[in-house]
Amino acid sequence: MRILPFTDASQKRIEHAAHNAAVCRHLHEATTYNDWIVTTAYYAVVHALIGCLYPLEENSRRFTTFDAHYEASRRSLSKHTFRLELCRKLLPQCARPARLLFDLSNRARYSSYHVSRPFADRAVLEMETVLKVARARLHDTF
């Protein structure tokens, strides 16, 4: 499996990541809605990862989108878990931050919206770690 050169679709995902990251930074600076800070950080990372990972080639098949790849995989993983697995394999430097943000966001969305400020601060730092990798991969797109 290998990542192919990025495309216009990759660029659009990166732009979406940049938008979510800007919202996250604004919330972090201006509010105490820590659950939304964590959630926007996670979704900035989701879009950055998809922008970095696609298009990709696996077993001589080219996949231009995450959804097409996910459908073709026929694995019994959730989309989030499938994305984290790809990240671990192809962008290992992003795997730990992506997993942490998934866990924090999942907890904030489904268990308790009470997220402490230290966790929100950590979410922003982890988001920035992934965005730094994405910037390097995509020639400082954002």
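Give Ala95, Ala72, Ala18 a once-over and let me know the one that is of a type outside the set (Ser, Thr, Tyr) and either modelled with pLDDT of 95 or more or within 10 Å of the chain's Cα centre (by Cα) (or both). Give the steps one after another, and end with the answer.
On the way: Ala72 fails: either modelled with pLDDT of 95 or more or within 10 Å of the chain's Cα centre (by Cα) (or both); Ala18 fails: either modelled with pLDDT of 95 or more or within 10 Å of the chain's Cα centre (by Cα) (or both).
Being of a type outside the set (Ser, Thr, Tyr) and either modelled with pLDDT of 95 or more or within 10 Å of the chain's Cα centre (by Cα) (or both) holds for just one of Ala95, Ala72, Ala18, which is Ala95.
Between a residue in the stretch 31-43 that is over 12 Å from Tyr113 (Cβ atoms) and at pLDDT 95 or above and any residue that is of a type in the set (Gly, Ala, Ser) and in a helix (DSSP H, G or I), which pairs come within a Cβ distance under 7 Å, given they are 6 or more apart or on different chains?
Correct list of pairs: Ala41/Ala123; Tyr42/Ser105.
Going by what's in this entry, would Val115 be described as over 12 Å from the mean Cα position of the chain (by Cα), modelled with pLDDT of 95 or more, closer than 14 Å to Thr39 by Cβ and not charged (D, E, K, R)? So that I can check it myself, show each step before the final result.
Details: over 12 Å from the mean Cα position of the chain (by Cα): yes; modelled with pLDDT of 95 or more: no; closer than 14 Å to Thr39 by Cβ: yes; not charged (D, E, K, R): yes.
It is false that Val115 is over 12 Å from the mean Cα position of the chain (by Cα), modelled with pLDDT of 95 or more, closer than 14 Å to Thr39 by Cβ and not charged (D, E, K, R).
For the stretch 110-118, indicate whether the set of residues that are basic (Lys, Arg) and more than 22 Å from Ile14 (Cα to Cα) is non-empty. Write out each step before concluding.
Step one: filter the stretch 110-118 for residues basic (Lys, Arg), giving 117.
From what is left, the residues that are more than 22 Å from Ile14 (Cα to Cα) are 117.
Yes, the stretch 110-118 contains a residue that is basic (Lys, Arg) and more than 22 Å from Ile14 (Cα to Cα).
Among the residues that make up the stretch 100-117, is at least one of them in a helix (DSSP H, G or I), free of Cβ contacts under 8 Å to residues at least 60 places away in the same chain and among the aliphatic types (A, V, I, L, M)?
yes
Helices (runs of 4 or more DSSP H) wholly in the stretch 1-90 with at least 1 residues that are aliphatic (A, V, I, L, M) and surrounded by 17 or more Cβ atoms within 10 Å (Cβ to Cβ) - which ones?
Details: elements: 8-30, 34-53, 66-73, 79-90.
Of the helices (runs of 4 or more DSSP H) lying wholly inside the stretch 1-90, those with at least 1 residues that are aliphatic (A, V, I, L, M) and surrounded by 17 or more Cβ atoms within 10 Å (Cβ to Cβ) span 8-30, 34-53, 79-90.
The values are calculated or read from the model by the stated rules, or taken from the named source; none is laboratory data. Only a predicted model underlies this, so the values are computations on that prediction, with no experimental measurement involved. Quick reminder, even Gly has a Cβ in these numbers, built from the backbone with ideal geometry, and neighbours come from all protein chains shown.
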